[in-house]
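Bear in mind that the values in this text are calculations on the coordinates, not laboratory data. Not measured: the values here are computed from a predicted model. No Cβ is skipped: glycine too gets one built from the backbone with ideal geometry, and neighbour counts run over all protein chains shown.
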Amino acid sequence: MRNRALMTTILALAVMFWVGLILLANQRPPNAANQTLFLLLWGLAVAASLTPLAYALGGRLARRFDDEEALLRALRQGLEAGILAMVLMALRFMRLLNLLSAVLLALLIIAIEVLILLRRR
C-alpha cells in the first residue's frame, strides 16, 4: 500500500508540474531564465508522469515482483525519461535537434538502462 500512495503522490506532483509549465509558458516571456525554468519543469513533469506508468508496466511484465526493486526501477526509468526530455528540448531551443541526434540520445538512454538491468542480475 505504501508504493501505491507514493505513486499517487508522484502523479499529483506531475499534474502540478504540468499546470506550472502551462502557466509559465503562457505568462512569461521566453528569456534565458524562463527557458531554464521551463526546461526544469518540463523534465520534472515528464519524469513524474512516466514513473507511475513504468511502475505499473514493470509490475505487469516482471517474472517476480519485488516491491522495493520495482519502485527503484520505476523511479530510475522516470528520471531517465525526464533527463532525455530535458536534453531534447534544450537542443530544440538551440535549434540543434534533428532526427539523428534524437534517435542516438534515445538509444543511449536505452543502452544505459539495459546495462543497469544486466548488472543487477
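Near the amide H of Leu97, within less than 5 Å, lie the amide hydrogens of Arg92, all on another chain or at least 5 residues away, with H placed in the peptide plane. In a simple Cβ point-charge model (Lys, Arg +1; Asp, Glu -1; nothing else charged), the chain has a dipole of about 160 debye relative to its Cα centre. The chymotrypsin sites (Phe, Trp or Tyr not before Pro) found in segment 17-117 that occupy coil by DSSP, while having at most 12 further C-beta atoms within 10 Å, are Phe65. In percent, rounded to a whole number, the relative contact order of segment 2-120 is 25, using alpha-carbon pairs under 8 Å and six or more apart. Counting other C-beta atoms within 10 Å, and keeping those with at most 10, which DSSP coil GluC sites (Glu not before Pro) do you find in segment 27-121? Of the GluC sites (Glu not before Pro), not one in the loops of segment 27-121 has a Cβ with at most 10 other Cβ atoms within 10 Å. For the chain, the longest principal axis of the alpha carbon atoms and the long axis of helix 99-120 meet at an angle near 30°.
Counting Lys and Arg as +1 and Asp and Glu as -1 over every other residue whose Cβ lies under 15 Å from the Cβ of Ala48, the net charge comes to 0.
In plain terms, the residue of Thr36, Thr51 with the fewest other Cβ atoms within 10 Å comes first and the most crowded comes last, giving Thr36, Thr51. Between Thr8 and Arg95, the modelled label-to-label distance comes to 4.8 nm, taking each label 7 Å out from Cα in the direction of the beta carbon.
Farthest toward the positive end of the dipole of the chain, out of Ala54, Leu79, Ile10, is the Cα of Ala54, where the dipole comes from beta carbon charges about the Cα centre.
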